[in-house]
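The values are calculated or read from the model by the stated rules, or taken from the named source; none is laboratory data. No experiment lies behind these values; they were computed from the predicted model shown. Note that each Cβ is placed from the backbone with ideal geometry, even for glycine, and that neighbours are counted across all protein chains shown. To get the accessible areas, we keep the full protein, side chains included, count just its heavy atoms, and leave off ligands, DNA and RNA. Shrake-Rupley method; radii C 1.70, N 1.55, O 1.52, S 1.80 Å.
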Amino acid sequence: MKPNAKRALIFIGLSLFTVVFGFVYHLFSHGVTSPLMSYAWVPVAGAALFYSLVWLLLPTLSKRPTYRLTVNLLNTATAWQTLGMILSAVIAIAGSSSPYLPFYSMVALVFYGLSLLSLGLLLIKPKA
C-alpha cells in the first residue's frame, strides 16, 4: 500500500475514533454539550483529506527529500489542534476555565504555517 494511502486510512480511522469519543463523552456529560467536542474530528479529517489529495493528485511528491518534514509538521499541528479542542471542551463541560487553552491553538497555527511553508518548498521544481 502506498504511504499516503496508508496515512489517509489511519487518519480516517482516527477521525472516526474522535467522533465516537465525543459521542461517548457527551453521553456521560449529564446533557451538557460543547461544539468544540462535536467538531474535534474536523482537523483529523482535514489531514486525511490532505493525504488523500496528495496520494491521488501528486503521487511523486512523497519521493521528495523534505516531504517527511511536511508530514511530521502536519501531524504535529493536527495533534495540537485536536487535543486543544478536546481539552477546551472537557474544561467547558466541567464549568471551569484555564488561561492555557489558547496556547494549543497558537502552537497548532505555528505548525500549520511551517507545514505550508515546507509544502511550498516541496512544490518548487528542483533544478537538476
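For n ≥ 4 DSSP H runs only, could you compute -39500 (n - 2.57) per run for the chain, divide by its residues and tell me the 222 nm figure to the nearest 500?
-26000 deg cm²/dmol
Could you give the angle, 0 to 90 degrees to the nearest 10, between helix 67-94's Cα long axis and the longest principal axis of the Cα atoms of the chain?
On a 0 to 90 degree scale, this one is about 10.
Please determine, in degrees from 0 to 90 and to the nearest 10, the orientation of helix 41-57 with respect to the longest principal axis defined by the Cα atoms of the chain, where the helix direction is its Cα long axis.
For 41-57 against the chain, the angle is about 20 degrees.
By how many degrees, 0 to 90 and rounded to 10, does the Cα axis of helix 101-123 deviate from the longest principal axis of the chain?
In the chain, helix 101-123 runs at an angle near 10 degrees to the longest axis.
How large, in percent, is the carbon and sulfur part of the accessible surface of the chain at a probe radius of 1.4 Å?
75 percent
Can you give me the accessible area per residue for the chain, using a 1.4 Å probe, in Å²?
Result: 64 Å² of accessible area for each residue.
Putting +1 on Lys and Arg Cβ atoms and -1 on Asp and Glu Cβ atoms, find which of Ser105, His30, Thr76 reaches farthest to the positive end of the dipole of the chain.
Looking along the dipole axis, the top candidate is Thr76.
Considering only the other residues whose Cβ falls under 11 Å of the Cβ of Trp55, what net charge follows from Lys and Arg at +1 and Asp and Glu at -1?
Within the 11 Å Cβ shell, the charges total +3.
Just to be sure I follow the definition: excluding the sites themselves, where is the longest run in the chain that has none of the chymotrypsin sites (Phe, Trp or Tyr not before Pro) in a DSSP loop with at most 12 other Cβ atoms within 10 Å?
Answer from the scan: 29-99.
Give the separation of the Cα centroids, the stretch 1-58 to the stretch 67-128, in Å.
Each part reduced to its Cα centre gives a spacing of 14 Å.
When the Kirkwood radius is taken over all Cα pairs of the chain, what Stokes-Einstein diffusion coefficient follows at 37 °C and 0.692 mPa s, in µm²/s?
208 µm²/s
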